[in-house]
Structure formats: structure tokens, C-alpha cells
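Read-outs throughout are calculated quantities, based only on the coordinates presented, and are distinct from any laboratory measurement. These numbers were taken from a predicted model, which means no experiment stands behind them. With ideal geometry, Cβ positions are generated from the backbone for all residues, glycine too; neighbour counts draw on all protein chains shown.
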Amino acid sequence: MQLIRDHKPNPSLDRAYRVALTITLLANLALVAGKGLVTYLTGSVALYADTANSFSDLLYSIALVVAIRIALRPPDLSHPQGHARFDPLVGLLVALSMAIAGYEALRSAVQRFIEGGSIIEPGLPTLVLLAGAVIKAGMYVIIKNLASKTNSPALRASAIDNLSDVLTSVAALVGILGSGLIHPLMDPIAGFFVSLWIFKAAFDAGRENLDYLTGAGPDQALRQKIIETANRVDGHHIVHHVVCEYVGPKLAIDMHINLPGEATLDEVHDISDRVIDALEALPEVDRAYVHVEPNDETSVSQKD
């Protein structure tokens with residue numbers, strides 16, 4: 001009796017995760033230090049909002065390191081199907097930290113708006129925001145590529161957050177320049193828009209990772225792709241029942257196929273194994289279970 005799933009180590013995948021985690025942690029640490037110092041020296045609300053966002057990035061970076069290390073563990077008796085659900089769990093924590101940063105940015109912007117705002121000298125804050133935007137743009141490209149390679153929802157959430165940070169840095173830059181050129185209230189107004197960007201990114205990341213954690217099903221196009229993949233396997237079989245659900249970032253499939261009643265046990269076993277292999281070769285699929293029944297149905301039933 002097999003109590004634990006087979007596990008095949010993937011050094012390339014592990015290396016991609018390590019690169020992503022190292023870049024995320026060190027870059028966010030540097031950004032928090034730089035932005036925090038300049039915020040203290042200038043008092044800019046827009047820059048404070050951006051610093052709060054970077055601090056939340058640093059917190060989730062630490063959580064990301066811990067959770068990904070757990071998610072990469074092989075199956076054991078406590079988690080016989082593996083630890084993949086820890087990946088979207090930390091993705092949800094990323095969304096939560098972004099929402100907290102958004103609240104802090106909004107609170108500060110409203111307070112400074114009520115106080116009437118102030119003129120912020122553009123020199124040092126401008127340089128910090130430009131540097132931060134360039135760093136985050138580079139992080140977005142790198143982490144997005146690594147997220148695609150690893151199919152990690154946590155890294156996807158991190159990439160989305162990096163892109164959002166580029167946009168919020170630009171908004172903060174507009175606020176700092178506008179406080180001197182247009183009106184002092186431009187700084188808190190920019191801080192308000194920064195908070196909106198953060199809330200939107202948090203909502204998008206939270207929705208995706210919540211789907212992975214609650215067993216949501218794939219979209220219609222992917223369900224059809226799964227059925228067509230099974231039907232392309234050689235053998236006189238008919239797919240008539242499919243249940244697909246996310247168990248972490250990938251799908252678990254429960255499929256029933258019909259075979260002629262006169263097929264031998266060896267033939268049934270061979271076709272079933274080849275269907276399983278074809279399904280598990282799909283990048284969106286983690287594992288597949290195939291149940292064989294006599295050939296008395298011709299319609300496909302899909303559930304998720």
C-alpha cells in the first residue's frame with residue numbers, strides 16, 4: 001500500500017525559486033532603507049505612502065521565503081499529496097500585507113489633506129522614487145518570468161505587486177512635483193491615488209490565491225483542453241465524467257472513461273495509465289485519477 005505520492009526532485013525549479021526569493025528579499029530591504037531615510041528627512045506623504053508599501057513588501061518577502069521552502073518539501077505522512085497549498089497561502093498573505101499598506105497610505109493622505117498639505121522639495125525624493133521605480137520594473141520582469149517557469153501563484157502575486165509599485169512610485173513623483181508647481185495638496189492627493197493602486201493589486205492577488213485555496217475549478221477552455229487531451233490517447237475509450245479542482249496552484253483531476261466490456265484487464269490498465277500520463281503532462285495539472293467503466297455512456301459530464 002502506497003501512503004505517500006511519488007516525488008521527483010526538480011533542481012531547475014528549485015534554483016528558479018531561490019533566485020526569485022533572493023532578489024525579492026534583498027531588493028525590498030534596500031528600498032525600505034532608502035525610502036524610509038528620505039521620508040524622514042523630507043516629510044513627504046506621497047513618499048511615506050510608497051515607503052509603507054515597500055515595508056509591506058519586505059514583510060511578505062520574509063513570509064515568501066518561509067512558505068516556499070515548505071511548499072517545495074516532498075510529500076510525507078502529514079501531507080501525503082505534497083505541500084503545494086502553502087504557495088497560494090503565502091500569496092494570500094502578500095495580498096493582505098498590500099491591503100494593510102494601502103490602508104496606511106490612505107490614512108496618511110487623508111490626514112495631510114485635512115491639514116492643508118505642504119510643499120515638498122523635489123530633489124532627493126524625486127531621485128529616490130525614480131530609482132525605486134527602475135528597480136521595481138526590473139524586479140517585475142524577472143519575477144514574472146520566474147513565476148511563469150515555476151507556476152507559483154505567490155510569485156505571480158509578487159510580480160503584480162512590483163508592477164503596482166512602479167505605478168505608485170510614478171504617482172508619488174507626480175505628487176511631489178505637483179506640490180511645488182501646482183498646489184501643496186497635490187502631495188496628499190497623489191498619496192490617495194497610491195493607496196488606490198495598492199488596494200486594486202491586493203484585491204486581484206487575493207482573489208486568485210483564494211481560488212487556489214478553496215478548490216475552485218478551471219475555466220471552460222482549460223476543461224475542454226483536459227477532455228480533448230484524454231480523448232487523443234489511443235484506445236476505444238469515451239470520457240464521460242470529469243471533476244477538476246485546484247489543490248494549490250495546479251489541478252487534481254478525477255476522470256471516468258468508458259471502455260468496451262470485452263477489453264482485457266491488461267488493455268484497460270494500459271489505456272488508463274496512458275490517459276493519466278497524458279493528463280499529468282499538462283503544465284496546469286498536478287495529478288490525475290482515472291476510473292474505468294463499461295462502455296454504456298457517450299456523454300461527458302463535467303464538474304468542478
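Worth a mention:
- Fewest neighbouring Cβ atoms within 10 Å first, the residues Met186, Met98 line up as Met186, Met98.
- Site pair Ala221 and His291 shows an inter-label distance of 3.1 nm when each label is modelled 7 Å from Cα along Cα→Cβ.
- Fraction of beta bridges assigned by DSSP in the chain that are antiparallel (%, nearest 5): 40 percent
- Label-to-label distance, nm, for residues given as Leu265 and Tyr103 (7 Å Cα→Cβ offset): 6.1 nm
- The alpha carbons of the range 126-284 occupy a box of 85, 24, 20 Å along the principal axes, longest dimension given first.
- Efficiency of FRET from Cβ geometry, Arg69 and Glu228, R₀ 41 Å, rounded to 0.05: 0.65
- Residue-count net charge about Asp234 - beta-carbon cut-off 10 Å; Lys, Arg +1, Asp, Glu -1: +1
- Calculated [θ] (222 nm, deg cm²/dmol) that DSSP helices of n ≥ 4 give over the chain, each run adding -39,500 (n - 2.57): -23500 deg cm²/dmol
- Non-local lysine pairs in the chain, meaning eight or more places apart or on different chains, with alpha-carbon distances under 28 Å, amount to 21.
- Calculated FRET efficiency for the pair Asp14/Glu115, C-beta based, R₀ 45 Å, to 0.05: 0.35
- Legend: helices of the chain (whole DSSP H runs) are marked when their alpha-carbon atoms reach 27 angstrom or more along the helix axis and their mean Kyte-Doolittle hydropathy is at least -0.5; marked are 11-42, 45-71, 86-115, 123-150, 153-181, 186-213.
- In this simple spin-label model, placing a label point 7 Å from the Cα along the Cα-to-Cβ direction at both Val243 and Ile182 gives a separation of 5.6 nm.
- Label zone at His236, where the point sits 7 Å out along the Cα-to-Cβ direction: the range 245-267 residues whose backbone N lies under 15 Å: 258-267
- Percent of beta bridges antiparallel (DSSP, the range 220-303, rounded to nearest 5): 40 percent
- Largest-first principal axis extents, alpha carbons of the range 220-303, Å: 39, 23, 18
- Relative contact order %, the chain, counting alpha carbon pairs below 8 Å whose residues are six or more apart: 18 percent
- Volume per residue of the C-alpha convex hull in the chain, rounded to whole Å³: 133 Å³
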